[in-house]
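S.K.: To start, I am sharing the structure in question, which I have written as structure tokens.
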Amino acid sequence: MTADILLQVLVSGLLIGLIYALVAVGLTLIYGVMDIVNFAHGEFLMLGMYASFWAFTLFHVDPVIALPITAVLLFGVGIVVYQTVIRRVLKAPMLSQIFATFGLMILLRGLAQFFWKPDHRLIPDSLVSGNIALGPVQFGLPQVIAALGAVGVTGALWFFLHRTRLGTALEATAIDREAATLMGIDGQKMFALAWGIGAACAGLAGGLIATFFPIFPEVGSNFILIAFVVVVLGGFGSVTGAFLAGIIVGLIEVLGGFLIGPEYKTAIVLSLLLIVLLVRPKGLMGKA
Amino acid sequence: MSNRTVLDPRKALGAVALLAFALLLPLGITDPARLNFFILILMGAQLGVAWNIVGGYAGQVSLGHAVFYGIGAYCSTMLALSLGLSPWIGMLAGGLLAVVFALVMGWPCFRLKGHYFAMATIAVAEIVQILVTNSEFLEGAVGLSLPLDRSGLAAMVFLSKLPYYYIILGLLVVTVLVAWAIERSHIGYYFRAIKDEPEAARALGVSLTRYKLIALSVSAFLTAVGGSFYAQKEMFIDPGSVFVGAISIKIALVAILGGVGTLMGPVLGAVILITIEEYSRTLFGSTGSGTDMIIYAMMIILVAVFSPAGVMGLLQDLRRHLPGAGKTSETR
């Protein structure tokens, strides 16, 4: 009996953890390549959710079908953000860099509130719905599909970074910007690419959870904090670390909520951040 | 710019004139809503100047200052409700509690540099908000109300808005004086060294963590004092009004817009921000429409891209370009 409940809790932690990993991977990629933390990362996720919502509401496109469109849209948003704002603060003092992405965060939230109202919205039904049973344990199918999707995207990103020319160039820029430039890699292009991919990852995460998570302008605020914990735990700039840490954070969140009380689950995850900082500041797979 | 020298007479005169203006301003105002508008400006300015000590001078951007604000508000209110203590004492107690909290949170968080420190402060504020919202001792999400039966200076409860105006003006003056004293002292030099040349400062034997903790503590104390004032003015507090992220954002915004690291920048920022807030509300209806957020956000991004020193920096640039001024316009 209790073993079943525990199993149920662990699996749901794993499912949400894979989503956190996907959000965090984009954040850590951008940080790794250019040492800028994107405060607006949660807002990319929010835009991904709204993309699914409007595709469904206006064009009756199922959220699952809309995913590739969401990815392309958010890739574009990432590039535009980089070209219009981030590129201009690359050499600016750190304060300006913080203010720039912090300002973007508020801007995107404000725009969402202005155009789409602060209401909580839901996508009423989707191709994937219902539950699947695995022995005594039951899971929502949308959650399972979302987690599988997250694994697929993270895996594809890993493959891209390690097995393609362009991806290797991006990794090289992350490891040593100057050396990469000397090898003829166009730093500006790599930065833009990192923003595009990072935004697309967050947007895809948003699209994946849009079927079972309320959609509202400030939905990103929680995800950015959790993604931040994941990045710190995984080690700054490490994609593999973020993937593992995402799962750990998901498990701790759900397990902590189960043992202590669901109202404390976010506080538990955020406290994990302080513990990591005290015990192992470089995280699981951090370089320094 | 060396600040250790004698007072610049022009600046001193300007300060006296500004203070005289602020002291006389309420005489021309009969509408309580109008007076409240100026009280809000002074409150924003006080918080912005306090934030600037750690965020501006020491360059450690906190986006979780609501935690100190909330500690101040809750501490003075709880002491008044349970022990009947005067909020003047509660205000000091709240400030001290905020200092203790700043030291405890600063210890792990200052291991993070720059961007990540800012993010960690949001996380800490979020944790505290959740804990307070679920605390029975602090009445959770219901909040705390101050009784109306006691009024007068000792209880810091007044029927008219006017005393609140002068109290917050006094708190602002004290806060500005503290910031000014820091700016001129050796601590101020260390703060700027930490911000601009952390490695060089460390090499010279400046303990980075120690001075960051000092900056955060002073800032926390003054922010908590502002929180206590808010509780007395509103007579009601709940986690949603003092501990939320929106408060942290606003406190930082005031300083960022006006000009980080300048003495009077946050005051200017408060005038701009509160005015925008007020007019966007009357122009576009409720605050739920997001227009005020859009306007602030555009301003912050513009500041970040074009003038890291805020509106104050723009004004200084402008003055340099005017005839008769020096030729040092290329300082950025």
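The values are calculated or read from the model by the stated rules, or taken from the named source; none is laboratory data. Predicted, not measured: the structure shown is a model, and the values here were computed from it. Here Cβ is always computed from backbone atoms with ideal geometry, including for glycine, and neighbour counts include all displayed protein chains.
S.K.: Within segment A:217-231, which residues are surrounded by fewer than 24 Cβ atoms within 10 Å (Cβ to Cβ) and more than 12 Å from every other protein chain (Cβ to nearest Cβ)? Before the answer, list the steps.
M.R.: Taking segment A:217-231 as the starting set, the residues that turn out to be surrounded by fewer than 24 Cβ atoms within 10 Å (Cβ to Cβ) are A:218-219, A:221-222, A:225.
The answer is A:V219, and nothing else.
S.K.: Could you figure out which of (1) over 29 Å from A:G110 (Cβ atoms); (2) surrounded by fewer than 22 Cβ atoms within 10 Å (Cβ to Cβ) isn't true of A:W54?
M.R.: (1)
S.K.: Restricting attention to segment A:239-258, does a residue exist that is free of Cβ contacts under 8 Å to residues at least 12 places away in the same chain and either over 21 Å from A:A174 (Cβ atoms) or facing chain B (nearest Cβ under 9 Å) (or both)? Walk me through how you get there before you give the answer.
M.R.: Of segment A:239-258, the ones free of Cβ contacts under 8 Å to residues at least 12 places away in the same chain are A:257.
Pick out the ones that are also either over 21 Å from A:A174 (Cβ atoms) or facing chain B (nearest Cβ under 9 Å) (or both) and you get A:257.
Within segment A:239-258, one or more residues are free of Cβ contacts under 8 Å to residues at least 12 places away in the same chain and either over 21 Å from A:A174 (Cβ atoms) or facing chain B (nearest Cβ under 9 Å) (or both).
S.K.: Just name the residue that is nearest to A:S271 (Cα to Cα) out of those in segment B:110-131 that are more than 7 Å from chain A (Cβ to nearest Cβ) and assigned to a helix (DSSP H, G or I).
M.R.: B:V124
S.K.: Does any residue in segment A:261-288 that is free of Cβ contacts under 8 Å to residues at least 24 places away in the same chain and within 9 Å of another protein chain (Cβ to nearest Cβ) come within less than 8 Å, Cβ to Cβ, of a residue that is hydroxyl-bearing (S, T, Y) and in a helix (DSSP H, G or I) six or more places away or on a different chain, and which pairs are these?
M.R.: A:E263/B:T133
S.K.: Do we have any residue at all in segment B:111-124 that's in contact with a Pro (Cβ under 6 Å, 6 or more places away or on another chain) and under 20 Å from B:I251 (Cα atoms)?
M.R.: Step one: list which residues in segment B:111-124 are in contact with a Pro (Cβ under 6 Å, 6 or more places away or on another chain), which gives B:111.
Next, only the ones that are under 20 Å from B:I251 (Cα atoms) stay: none.
No: segment B:111-124 contains no residue that is in contact with a Pro (Cβ under 6 Å, 6 or more places away or on another chain) and under 20 Å from B:I251 (Cα atoms).
S.K.: Is there a residue being away from chain A (no Cβ under 12 Å), more than 22 Å from the chain's Cα centre (by Cα) and either within 23 Å of B:L63 (Cα to Cα) or part of a helix (DSSP H, G or I) (or both) anywhere in segment B:132-144?
M.R.: Residues of segment B:132-144 away from chain A (no Cβ under 12 Å): B:136-139, B:142-144.
So of that shortlist, the ones also more than 22 Å from the chain's Cα centre (by Cα) come out as B:136-139, B:142-144.
Remaining after also requiring either within 23 Å of B:L63 (Cα to Cα) or part of a helix (DSSP H, G or I) (or both): B:142.
Yes, there is a match, as at least one residue in segment B:132-144 is away from chain A (no Cβ under 12 Å), more than 22 Å from the chain's Cα centre (by Cα) and either within 23 Å of B:L63 (Cα to Cα) or part of a helix (DSSP H, G or I) (or both).
S.K.: Let me ask something additional. Going by the structure shown, is B:A155 outside any loop (DSSP other than H, G, I, E, B) and either farther than 20 Å from B:V260 by Cα or under 18 Å from the mean Cα position of the chain (by Cα) (or both)?
M.R.: Values: outside any loop (DSSP other than H, G, I, E, B): no; either farther than 20 Å from B:V260 by Cα or under 18 Å from the mean Cα position of the chain (by Cα) (or both): yes.
Answer is no for this residue.
S.K.: When you scan segment B:159-254 for helices (runs of 4 or more DSSP H) that lie fully inside it, which ones turn up with 3 or more residues that are buried (at least 20 other Cβ atoms within 10 Å of the Cβ)? Write out each step before concluding.
M.R.: Numbers: elements: B:162-184, B:186-196, B:198-203, B:208-234, B:239-242.
Filter on segment B:159-254 gives B:162-184, B:186-196, B:208-234.
S.K.: A follow-up question, please. If A:A172 passes every condition in (1) more than 14 Å from chain B (Cβ to nearest Cβ); (2) in contact (Cβ under 8 Å) with a residue 24 or more places away in the chain; (3) surrounded by 15 or more Cβ atoms within 10 Å (Cβ to Cβ) but one, which one does it miss?
M.R.: All conditions pass for A:A172, except number (2).
S.K.: Can I ask one more? Give B:A231, B:A252 a once-over and let me know the one that is under 20 Å from B:I71 (Cα atoms) and either of a type in the set (K, R) or within 13 Å of another protein chain (Cβ to nearest Cβ) (or both).
M.R.: Working: B:A231 fails: either of a type in the set (K, R) or within 13 Å of another protein chain (Cβ to nearest Cβ) (or both).
Unique residue meeting the criteria: B:A252.
S.K.: The conditions are (1) away from every other protein chain (no Cβ under 11 Å); (2) in contact with a Gly (Cβ under 9 Å, 6 or more places away or on another chain); (3) without any contact (Cβ under 8 Å) to a residue 60 or more places away in the chain, and B:I237 fails exactly one of them. Which is it?
M.R.: Checking B:I237 against (1) away from every other protein chain (no Cβ under 11 Å); (2) in contact with a Gly (Cβ under 9 Å, 6 or more places away or on another chain); (3) without any contact (Cβ under 8 Å) to a residue 60 or more places away in the chain, the one that fails is (3).
S.K.: Also, I was wondering about something else. Of all the residues that make up segment B:30-54, how many are farther than 21 Å from B:L18 by Cα and touching a Lys or Arg at 6+ places or on another chain (Cβ under 7 Å)?
M.R.: 1
S.K.: Please specify each residue of segment B:299-319 satisfying the condition of being facing chain A (nearest Cβ under 10 Å) and under 21 Å from the mean Cα position of the chain (by Cα).
M.R.: B:M299, B:I300, B:I301, B:V303, B:A304, B:S307, B:P308, B:A309, B:G310
S.K.: Give just the number: which of (1) part of a loop (DSSP other than H, G, I, E, B); (2) crowded, with 24+ Cβ neighbours inside 10 Å; (3) more than 10 Å from chain B (Cβ to nearest Cβ) does A:A199 not satisfy?
M.R.: The failed condition is (1).
S.K.: Ok, one more. Can you tell me which residue within segment A:67-107, out of those that are of a type in the set (G, A, S) and either more than 20 Å from the chain's Cα centre (by Cα) or buried (at least 23 other Cβ atoms within 10 Å of the Cβ) (or both), is farthest from the other protein chains (Cβ to nearest Cβ)?
M.R.: Narrowing segment A:67-107 to residues of a type in the set (G, A, S): A:71, A:76, A:78, A:92, A:96, A:100, A:103.
Next cut, either more than 20 Å from the chain's Cα centre (by Cα) or buried (at least 23 other Cβ atoms within 10 Å of the Cβ) (or both) only: A:78, A:92, A:96, A:100, A:103.
On the way: A:G78: 16, A:A92: 6, A:S96: 4, A:A100: 4, A:G103: 3 Å.
Checking each candidate, the answer is A:G78.
S.K.: Something else: Pairs needed: first member in segment A:28-46, at the interface with another protein chain (Cβ under 9 Å from one of its Cβ atoms); second member anywhere, among the aromatic types (F, W, Y) and assigned to a helix (DSSP H, G or I); C-beta distance under 7 Å; at least 6 residues apart or different chains.
M.R.: Close Cβ pairs (under 7 Å, with a partner that is among the aromatic types (F, W, Y) and assigned to a helix (DSSP H, G or I)) amount to A:V37/A:Y31; A:V37/B:Y116; A:F39/A:F102.
S.K.: Quick one: A:I19 ticks every box in (1) under 10 Å from the mean Cα position of the chain (by Cα); (2) within 18 Å of A:G149 (Cα to Cα); (3) within 14 Å of chain B (Cβ to nearest Cβ) except a single one, so which number is it?
M.R.: (3)
S.K.: Hey, B:M91 hits all of (1) part of a helix (DSSP H, G or I); (2) surrounded by fewer than 16 Cβ atoms within 10 Å (Cβ to Cβ); (3) more than 14 Å from chain A (Cβ to nearest Cβ); (4) of a type in the set (A, V, I, L, M) but one; which does it fall short on?
M.R.: (2)
S.K.: A further question follows. Identify all residues within segment A:179-195 that are assigned to a helix (DSSP H, G or I) and in contact with a helix residue (DSSP H, G or I) (Cβ under 9 Å, 6 or more places away or on another chain); write none if there are none.
M.R.: First pass over segment A:179-195, keeping only residues assigned to a helix (DSSP H, G or I): A:179-182, A:187-195.
Result: A:A179, A:A180, A:T181, A:G187, A:Q188, A:K189, A:M190, A:F191, A:A192, A:L193, A:A194, A:W195.
S.K.: Could I ask something else about it? What's the total number of residues in segment B:97-109 that are surrounded by fewer than 20 Cβ atoms within 10 Å (Cβ to Cβ) and within 11 Å of chain A (Cβ to nearest Cβ)?
M.R.: 3
S.K.: Go through (1) over 30 Å from B:I294 (Cβ atoms); (2) away from every other protein chain (no Cβ under 14 Å); (3) in contact (Cβ under 8 Å) with a residue 12 or more places away in the chain one by one and return the number of the condition A:G234 breaks.
M.R.: Going through the list (1) over 30 Å from B:I294 (Cβ atoms); (2) away from every other protein chain (no Cβ under 14 Å); (3) in contact (Cβ under 8 Å) with a residue 12 or more places away in the chain, A:G234 breaks only (2).
S.K.: Considering only segment A:34-132, give the helices (runs of 4 or more DSSP H) lying wholly within it that have at least 2 residues that are of a type in the set (S, T, N, Q), modelled with pLDDT of 90 or more and under 30 Å from B:H115 (Cβ atoms).
M.R.: Numbers: elements: A:41-59, A:63-84, A:94-116.
In segment A:34-132, A:63-84, A:94-116 are the helices (runs of 4 or more DSSP H) which contain 2 or more residues that are of a type in the set (S, T, N, Q), modelled with pLDDT of 90 or more and under 30 Å from B:H115 (Cβ atoms).
S.K.: List the number of the failed condition for B:R34; all other conditions in (1) under 21 Å from B:F229 (Cα atoms); (2) part of a loop (DSSP other than H, G, I, E, B) hold.
M.R.: Only one criterion is unmet by B:R34, namely (2).
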